Every structure is written in C-alpha cells, then in structure tokens.
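The values are calculated or read from the model by the stated rules, or taken from the named source; none is laboratory data. Please read these numbers as outputs of a predicted model, since none were measured by experiment. Cβ atoms come from the backbone with ideal geometry, glycine included; neighbour counts cover every protein chain shown.
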Amino acid sequence: MIDLHNDFLTKLKDDKIIDYLENNKNYLDMLLCPVFTTELKNPLNFIKKSKKIIKKYNFCKIAIEDIGFLSNNDFDEILKIKPTYIGLTWNYANRFAGGAYSNSSLTNAGKYLIKKCEKSNILIDCAHLNYRSFCDVLNVIDRPIICSHTGFCDIVCDRRNLTKNQIKDMIESGGIIGLYFVGKYISLKNVEIYDIVKNIDYFVQNFGVDNLCIGSDFFGTDDLPQNLKSYNNIHILYKILVQNGYKNDDIDKIFNLNAKLFFDKYVY
C-alpha cells in the first residue's frame with residue numbers, strides 16, 4: 001500500500017526507526033514520512049537527520065508537518081531537503097496560515113512560500129488548514145494540493161475534517177485525499193474497523209473512487225480501531241471491503257494506485 005501520513009519519525013528513536021522500516025517494508029510501496037515540527041526544539045536539524053536515517057529505504061519520502069518554524073534564512077535549506085509535501089501549519093495559526101482551530105487567513109508570507117514550493121515541485125498539504133486558509137490556498141496555487149490525513153464533516157463534524165465543498169474543490173484541482181484512522185474524527189462512538197469502511201463508503205458514493213487514498217496517521221494518535229493499529233492489519237480492512245462488494249481494482253486504487261498515479265504525475 002501507499003500511506004500518505006505516518007508520524008513514526010518523531011515518535012521513535014533512531015534505532016527503532018530502522019527496525020520499524022525493516023519490519024514493514026514488505027507492506028509498503030511508498031511511505032510518506034512527515035516530521036511533526038510543532039514541538040521540536042530544532043526542527044531543521046531534525047528533518048536533515050531524519051532524511052539521512054531513511055535514505056536507504058527508497059519507498060520512504062520525507063515530508064514536513066507544520067512549516068511554522070521556517071525563517072527566511074532557512075528556506076534554501078528546505079529546498080535542498082526537497083520534502084514531498086509541506087503543511088503550512090498545524091492546528092493553530094502561524095506566520096504562514098491559519099490552522100484548523102484558528103480563524104486566521106493565509107498570509108503574504110504563506111503566499112510567497114507556496115509559490116516558491118511550486119517552482120521547486122514541492123506539494124502543499126492542506127490537512128491542518130482552517131476553511132478560510134484552505135480557500136486562500138486554492139486561490140493562490142496553480143498545482144493540485146493534497147490532504148494527507150483527514151476525515152469527512154458529513155460523518156463527524158469537526159474543523160479537522162473536510163466539508164463536501166472542500167472535497168469537491170480538491171477533486172476539481174486534481175488533488176488526492178488521505179483518510180486517517182483516528183477514532184474521534186471518523187466515528188461518533190468507540191471506533192471500529194467498520195467505521196473506516198463507513199467513511200470509504202461515504203466518499204466513494206458521493207465522489208467516486210479516483211481521489212481517495214490512505215493517510216493512516218499511525219504514531220500520530222493512540223485512538224485507532226482495535227484491529228487496525230499497524231500495516232499487518234490492513235488485510236483485515238481489505239477483506240471487509242471485498243465482503244461489502246468492493247471490486248479488487250477499486251480497493252487497489254484507494255490503497256495504492258491513486259497515490260502512485262498522482263505522485264508519478266506531479267512529483268517523481
């Protein structure tokens with residue numbers, strides 16, 4: 001499979017990172033590895049170190065969650081690192097944009113950053129943007145954006161999730177959307193693997209199968225379905241989708257092909 005968002009880099013020690021990748025490399029065609037910078041003391045050095053650690057694993061691609069630490073002097077360093085995507089902010093406002101639980105808009109600094117990223121073939125991840133900043137980004141950017149890990153407001157109404165209009169806008173732009181497995185954002189009760197299926201059903205029935213991906217948010221939360229806490233459980237989800245009438249080709253699109261086609265076209 002391809003996973004658009006797994007936070008293991010900021011949760012595991014260096015030797016454990018290698019163990020984790022070795023143990024999971026047979027499950028993954030591509031793993032997007034964002035560095036969650038919000039609570040790091042020296043994010044830039046951490047990102048550089050993390051990229052070196054995962055370098056020998058060709059299926060791993062570095063990314064950045066919350067670029068708020070970035071100074072003007074550091075931007076050339078980011079271009080050298082060349083993350084697959086950056087998230088402008090986390091849940092709160094910074095000098096670039098407004099996070100999900102703020103009311104701020106995209107700033108001039110954010111607009112400038114987006115244009116620099118576009119020229120360098122770096123994607124913008126809208127996962128933690130508020131609605132206002134999301135709309136601002138779409139008005140500024142000339143390339144598709146991604147939402148690496150999210151849910152859907154029609155299932156659970158939360159500012160971290162996408163509205164129907166946002167999903168439509170992303171699809172029209174050619175973007176992809178990663179469904180996360182975070183319980184409180186995908187279910188109104190204790191989360192089960194069938195809640196993942198319910199969210200997939202919602203998306204496919206309303207928007208088709210061609211823009212949906214997986215962005216598990218493993219290591220970003222402990223609030224996961226009991227039988228879907230790691231990649232070696234993914235076959236359970238696959239089996240349930242088949243039982244619910246999904247064709248293998250459509251499941252493969254969600255688990256892998258949609259993301260592969262997108263990255264082949266716009267990044268790699």
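For (1) free of Cβ contacts under 8 Å to residues at least 24 places away in the same chain; (2) in contact with a Leu (Cβ under 7 Å, 6 or more places away or on another chain), each residue gets a yes or a no:
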position	(1), (2)
Tyr194	no, no
Val197	no, yes
Gln205	yes, no
Asp223	no, no
Asn232	no, no
His235	yes, no
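Within segment 89-116, which residues are out of contact with any strand residue (DSSP E or B) (no Cβ under 7 Å at 6 or more places or on another chain) and β-branched (Val, Ile, Thr)?
Passing the criteria: only Thr107.
Might you let me know whether segment 105-121 holds any residue that is in contact with a Lys or Arg (Cβ under 6 Å, 6 or more places away or on another chain) and charged (D, E, K, R)?
yes
Test Tyr231 against the stated conditions and say whether it is more than 20 Å from the chain's Cα centre (by Cα) and at pLDDT 95 or above.
Considered against the rule, which asks whether it is more than 20 Å from the chain's Cα centre (by Cα) and at pLDDT 95 or above, Tyr231 comes out as no.
Which members of segment 200-251 meet the condition of being among the acidic types (Asp, Glu) and within 21 Å of Leu28 (Cβ to Cβ)? Spell out how you get there, then give the answer.
Here is the first cut: in segment 200-251, the ones among the acidic types (Asp, Glu) are 201, 210, 217, 222-223, 249-250.
Of everything in segment 200-251, those that are among the acidic types (Asp, Glu) and within 21 Å of Leu28 (Cβ to Cβ) turn out to be Asp217, Asp249, Asp250.
Name the pairs whose Cβ atoms lie under 6 Å apart, with the first residue in segment 32-59 and touching a residue at least 60 places away in the same chain (Cβ under 8 Å), the second hydrophobic (A, V, I, L, M, F, W, C), and 6 or more positions between them or separate chains?
Close Cβ pairs (under 6 Å, with a partner that is hydrophobic (A, V, I, L, M, F, W, C)) amount to Leu32/Leu4; Leu32/Ala63; Pro34/Ala63.
For segment 55-78, enumerate the residues that are in a helix (DSSP H, G or I) and within 20 Å of the chain's Cα centre (by Cα).
Result: Ile78, single match.
Kindly indicate whether Leu40 is in a loop (DSSP other than H, G, I, E, B) and over 22 Å from Cys117 (Cα atoms). Reasoning before the result, please.
Values: in a loop (DSSP other than H, G, I, E, B): yes; over 22 Å from Cys117 (Cα atoms): yes.
Considered against the rule, which asks whether it is in a loop (DSSP other than H, G, I, E, B) and over 22 Å from Cys117 (Cα atoms), Leu40 comes out as yes.
Return the only residue of Val182, Val156 being touching a His at 6+ places or on another chain (Cβ under 9 Å), surrounded by 16 or more Cβ atoms within 10 Å (Cβ to Cβ), among the β-branched types (Val, Ile, Thr) and within 24 Å of Ser102 (Cβ to Cβ).
Criteria check complete, one pass: Val182.
State which residue pairs qualify: first residue farther than 19 Å from Tyr85 by Cβ and free of Cβ contacts under 8 Å to residues at least 60 places away in the same chain and inside segment 143-158, second residue in a loop (DSSP other than H, G, I, E, B) and among the small types (Gly, Ala, Ser) in any location, beta carbons under 7 Å apart, and separation of 6 or more residues or different chains.
Partner pairs satisfying both residue conditions: Val156/Ser187.
Restrict the check to segment 221-238 and report whether at least one residue is closer than 26 Å to Thr89 by Cα and not in a loop (DSSP other than H, G, I, E, B).
For segment 221-238, residues closer than 26 Å to Thr89 by Cα and not in a loop (DSSP other than H, G, I, E, B): absent.
If you go through segment 13-35 one residue at a time, do you hit one that is modelled with pLDDT of 95 or more, assigned to a loop (DSSP other than H, G, I, E, B) and buried (at least 22 other Cβ atoms within 10 Å of the Cβ)?
no
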